[in-house]
1. Looking only at residues in the range 55-67 that are touching a strand residue (DSSP E or B) at 6+ places or on another chain (Cβ under 8 Å) and surrounded by fewer than 12 Cβ atoms within 10 Å (Cβ to Cβ), which one is modelled with the lowest pLDDT?
2. Taking the range 38-54 only, how many residues are exposed (fewer than 11 other Cβ atoms within 10 Å of the Cβ) and within 27 Å of the chain's Cα centre (by Cα)?
3. Identify the single condition in (1) modelled with pLDDT under 80; (2) over 17 Å from residue 164 (Cβ atoms); (3) touching a strand residue (DSSP E or B) at 6+ places or on another chain (Cβ under 9 Å) that residue 129 does not satisfy, given that it satisfies every other one.
4. Which residues, counting only those in the range 35-56, are without any contact (Cβ under 8 Å) to a residue 40 or more places away in the chain and assigned to a helix (DSSP H, G or I)?
């Protein structure tokens, strides 16, 4: 007769590896393994290996395989257990489960908005100094703005991006390339 409560190692392995099947989260669980591996250390002693993780030290027999295999196995098992926990929380049909899912959606939306804002600001900061308006390019090259727009349309000023308002933006590097290729005495108006 089998026991109603299998051994902890068996329960974690069986439950985690067979019950979490939420394919949409597979990449998350792979990332968990990678993250765990960054926080697990193995040191060989005389009679055993010392596995350190999150302030814990576990002694493991040297016969358990190489240090790399041990880290791989431990991280895979931790990811399986975490996957089981996440899947259990996400599939809980109770009112508490619904509340947890709504909190998660809220937290993810906040992270996405914050990350998007940070990335947009970083892109604007990085590229704002490199992107020029057609008027700025026209002034630097001693040309009319419509002529610069025509050069943009002909692809002679490199890849031209558009602002949120639809206005052309030209990279300073493209203007420099144009000057090298076509020459311009007006380029001396540029700030150093």
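1. Taking the candidates together, the pick is 61.
2. Result for the range 38-54: 2.
3. Answer for residue 129: the failing condition is (3).
4. Listed by number, the residues that qualify are 35, 37.
The values are calculated or read from the model by the stated rules, or taken from the named source; none is laboratory data. What you see is a predicted model, and the numbers here were worked out from it, not measured in a lab. Because the Cβ atoms are built from the backbone with ideal geometry, glycine has one as well, and the counts that use them run over all protein chains shown.
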